[in-house]
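Attaching a single structure in structure tokens format; questions to follow.
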Amino acid sequence: MAELAELEDPKIREVNEKHGDDQVKKNPHSEELRLAWFADPDAVVASAGWALTTERVTKKPEGLDLAGLLDVIEAEMNDAPDRLQWAMNHCLAQIGIEHAEYRARAIDIGERLEVLKDYPTSPGCTSPFAPIWITEMVRRQR
């Protein structure tokens, strides 16, 4: 396995996330992996679990405890290491975007925690700050 420093390199992280996640999503055991990784104490492994959870939030939310996920995000995202925080924030945004009944709560959590609020965003791109991201994506869907 690569050194942790290598995994934090943005280019390596991007390749790992895009290609690794795509392969795992196709695996017949992806749900078992999601559950195991989600609870892993290693932030890099846990972030992979959150990425798979975000995929479920978006494409197959049946059986997921969305309110429970929001509880975990609310309690743990602020203090999570960067990579895990990013994955949790993505899940927060997708819950708000895809599930109108949780939208106000997701936006509220994002506003209170302020995770990625000051993240530099290129012109024409959507901010990863959850309240902005949620609002913009919902606007585009209408």
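So in the range 122-136, with the set limited to residues that are of a type outside the set (S, T, N, Q) and without any contact (Cβ under 8 Å) to a residue 24 or more places away in the chain, which one is most open to solvent (accessible area, probe 1.4 Å)? Break it down stepwise before answering.
Let us first name the residues in the range 122-136 that are of a type outside the set (S, T, N, Q), namely 123-125, 128-134, 136.
Filter once more, so that each one left must be without any contact (Cβ under 8 Å) to a residue 24 or more places away in the chain: 123-125, 129, 132, 136.
Working: Pro123: 132, Gly124: 82, Cys125: 84, Phe129: 19, Ile132: 85, Glu136: 43 Å².
The selected residue is Pro123.
Could you say whether any residue in the range 4-20 is within 21 Å of Ile95 (Cα to Cα), at pLDDT below 95 and surrounded by 15 or more Cβ atoms within 10 Å (Cβ to Cβ)?
Yes, the range 4-20 contains a residue that is within 21 Å of Ile95 (Cα to Cα), at pLDDT below 95 and surrounded by 15 or more Cβ atoms within 10 Å (Cβ to Cβ).
Just to check your reading of the model, which residue among Arg34, Arg112, Arg139 is basic (Lys, Arg) and buried (at least 19 other Cβ atoms within 10 Å of the Cβ)?
Exactly one residue qualifies, and that residue is Arg34.
Which residues, counting only those in the range 101-124, are assigned to a loop (DSSP other than H, G, I, E, B) and small (Gly, Ala, Ser)?
Ser122, Gly124
If a residue must be surrounded by fewer than 18 Cβ atoms within 10 Å (Cβ to Cβ) and within 11 Å of Cys91 (Cβ to Cβ), how many such residues does the range 37-54 contain?
Residues in the range 37-54 being surrounded by fewer than 18 Cβ atoms within 10 Å (Cβ to Cβ) and within 11 Å of Cys91 (Cβ to Cβ): 0 in total.
Condition first: open to solvent by less than 10 Å² (accessible area, probe 1.4 Å) and either over 18 Å from Glu55 (Cβ atoms) or modelled with pLDDT under 95 (or both). Now tell me which residues in the range 85-109 satisfy that.
Ile109
Name every residue in the range 35-87 that is of a type outside the set (D, E, K, R) and not in a helix (DSSP H, G or I), in order of residue number.
Scanning the range 35-87 gives Ala39, Pro41, Pro61, Gly63, Leu64, Met77, Asn78, Ala80, Pro81.
Could you list, ordered by first residue, the pairs with Cβ atoms under 6 Å in which the first is in the range 101-121 and without any contact (Cβ under 8 Å) to a residue 24 or more places away in the chain and the second is surrounded by 14 or more Cβ atoms within 10 Å (Cβ to Cβ), at least 6 apart or interchain?
Glu111/Pro131; Lys117/Phe129; Tyr119/Pro128; Thr121/Ser127
The values are calculated or read from the model by the stated rules, or taken from the named source; none is laboratory data. In this text the structure is predicted, and so the values were computed from the model without any measurement. Here the Cβ is made from the backbone with ideal geometry for all residues, glycine too, and neighbour counts use every protein chain on show. What goes into the accessible areas is simple: the full protein's heavy atoms, side chains included, and nothing from ligands, DNA or RNA. Shrake-Rupley method; radii C 1.70, N 1.55, O 1.52, S 1.80 Å.
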